[in-house]
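The structure appears below as structure tokens.
Every number here is computed from the coordinates shown, using simple stated rules; none is lab data. Note that the coordinates shown come from a computational prediction; the quantities given were computed from them, not determined experimentally. Here the Cβ is made from the backbone with ideal geometry for all residues, glycine too, and neighbour counts use every protein chain on show.
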Amino acid sequence: AFARPDVPDWHGLPPRNLAYLIRRYTRFGDVVLDLDEHPTVAAAARYLYRAPAKLVVTEGVARVRLLPPNKGADRPRRVVCRPGPGADLILLTLPLAGAYSLDLHGMTRAMAAWRPLLRPGGHLIAALTATGPEPGKVSHRSTVITAARAAGLLYHQHIPVVLIPLPEHDPRTDPHGLDETGDGRRLLAGRHVPAFRDLLVFASTATGEESTRA
């Protein structure tokens, strides 16, 4: 199992769980593109014999570029990439600059720009880090799913990542009072502490001709 005490969690997901997620959606030699350039993604990809990559924009053209071999703490690993341009898996967090997860039009434009970066059969995983909207408003999750579909991606799966131990009962019904102090805090200013993070998985419908050359 991939367990690295020297790398941080990926937005609430422990390194070993992130490695499982990458393994679930890729094969040996696949290209893993991380738009946030998070160190744990690259470490997990190399551990699994995948090829970590970053996005490079030159003269307005976005391309997928493989990261050089890690000559630091990681043991050298030989990765043979499968032929073909683009990435097999894209990881990112939302919102991003120009891709706010409550702006349907901006999010659709962003998804339309990311979709050609995927190889046929590839997947895009978005972690939603924004807090929920005001009551009665459209949620971040619904906006992102709608935008991805409008951009030509297929909605594949919703994965909730639990961030804190869940209480057995609603804290506001606890007869011993509200616990708003210490590491065991369950409420913050009378509201629930965020307990989970949404991961949204989308599948590519691109053909080989639509994929971006690496």
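Label points 7 Å out from Cα along the Cβ direction at residue 159 and residue 65: separation in nm?
Between residue 159 and residue 65, the simple spin-label model gives 2.8 nm.
Full extension from residue 97 to residue 27: what is 0.36 nm times the residue separation minus their Cα-Cα distance, to one decimal in nm?
The residue 97-residue 27 span can extend by a further 22.1 nm.
Roughly how many nanometres apart are two label points built 7 Å out from the Cα toward the Cβ at residue 109 and residue 6?
4.2 nm
For residue 67, enumerate residues with amide H under 5 Å from its amide H, sequence gap 5+ or separate chain, H modeled in the peptide plane.
For residue 67, the qualifying residues are 53, 54.
Once fully extended, how much extra length lies between residue 16 and residue 205, figured as 0.36 nm per residue of separation less the alpha-carbon to alpha-carbon distance?
Contour length minus Cα-Cα distance gives 65.1 nm.
Given 0.36 nm per residue, what is the gain on full extension from residue 139 to residue 54 after removing their alpha carbon distance, in nm?
Extra length from residue 139 to residue 54 when fully extended: 27.7 nm.
How would you classify segment 1-60 from its alpha-carbon gyration tensor, with a ≥ b ≥ c the square roots of the eigenvalues: rounded for a/c under 1.5, else prolate if a/b is greater than b/c, otherwise oblate?
oblate
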